[in-house]
């Protein structure tokens with residue numbers, strides 16, 4: 001069955017890309033991991049880049065589904081919802097080989113550009129929805145310029161979560177994501193717990 005074969009191919013590529021990175025994996029490796037010949041593999045997919053594109057779209061779909069679940073979980077506070085989604089994203093990103101995004105950017109630039117486009121869309125929708133919910137729930141300031149807040153967050157994420165920037169700061173995507181969330185939502189100033197006399 002073609003779907004079953006394609007599912008095996010995708011699972012094999014996912015496992016190998018996560019463990020070894022993008023450039024160290026060859027189509028022979030994927031065929032072997034999927035338990036099929038290379039000829040059969042090419043009946044399902046034309047290239048590593050195509051597989052990467054499929055995996056990227058699937059991961060984006062997982063992020064979107066989780067985001068929707070989190071946004072509709074009203075029994076949690078806004079901060080708890082944000083933390084829950086951030087932890088989900090961090091767990092997914094932590095499973096990737098450290099050089100994964102840098103390799104993809106170098107060896108599959110079109111796929112990388114699409115991955116960044118999906119990330120941009122997802123980040124913008126998530127922060128827009130969370131801030132709007134926060135305002136409705138009274139936990140985000142009403143005088144906040146939503147457009148400025150959304151653009152500030154989006155710019156921060158898109159500029160910091162670049163392979164070269166992460167490498168220079170010696171941070172994983174998951175670590176940087178956590179720091180960005182903390183910085184954006186809690187700020188950089190220490191708030192005094194007791195008023196001065």
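What is the spin-label model distance, in nm, from residue 171 to residue 151 if the labels are put 7 Å beyond Cα along the C-beta direction?
Between residue 171 and residue 151, the label points sit 2.3 nm apart.
Between the stretch 53-88 and the stretch 97-115, how many Å separate their Cα centres?
The stretch 53-88 and the stretch 97-115 have Cα centres spaced 23 Å from each other.
What do you get for the angle between helix 48-71 and the principal long axis of the chain? Use alpha-carbon atoms, 0 to 90 degrees, nearest ten.
30 degrees
Helix 2-20: angle to the longest alpha-carbon principal axis of the chain, degrees 0 to 90, nearest 10?
Taking Cα atoms only, the helix is inclined about 70 degrees.
Among (1) 27.4, 98; (2) 19.8, 78; (3) 16.1, 51, which one is Rg and Dmax of the Cα atoms in Å computed from these coordinates?
Of the listed options (1) 27.4, 98; (2) 19.8, 78; (3) 16.1, 51, (2) comes from this structure.
With axes computed from alpha carbons, what is the tilt in degrees of helix 173-186 against the longest principal axis of the chain, rounded to the nearest 10 within 0 to 90?
Once rounded, the angle reads 20 degrees.
Give, in nm to one decimal, the length gained when the segment between residue 79 and residue 135 is fully stretched (0.36 nm per residue of separation minus the Cα-Cα distance).
The span from residue 79 to residue 135 would gain 18.9 nm if fully extended.
Express the C-alpha Rg of the stretch 14-93 as a ratio against the empirical globular expectation 2.2 N^0.38 Å, rounded to two decimals.
In units of the 2.2 N^0.38 Å rule of thumb, it is 1.46.
What does the convex hull of the alpha-carbon atoms of the stretch 2-44 project to on average, in nm²?
2.5 nm²
Any read-out appearing in this document is the output of simple, stated calculations on the displayed coordinates, not a laboratory observation. Not measured: the values here are computed from a predicted model. Note that we place each Cβ from the backbone using ideal geometry, even for glycine, and neighbour counts take in every protein chain shown.
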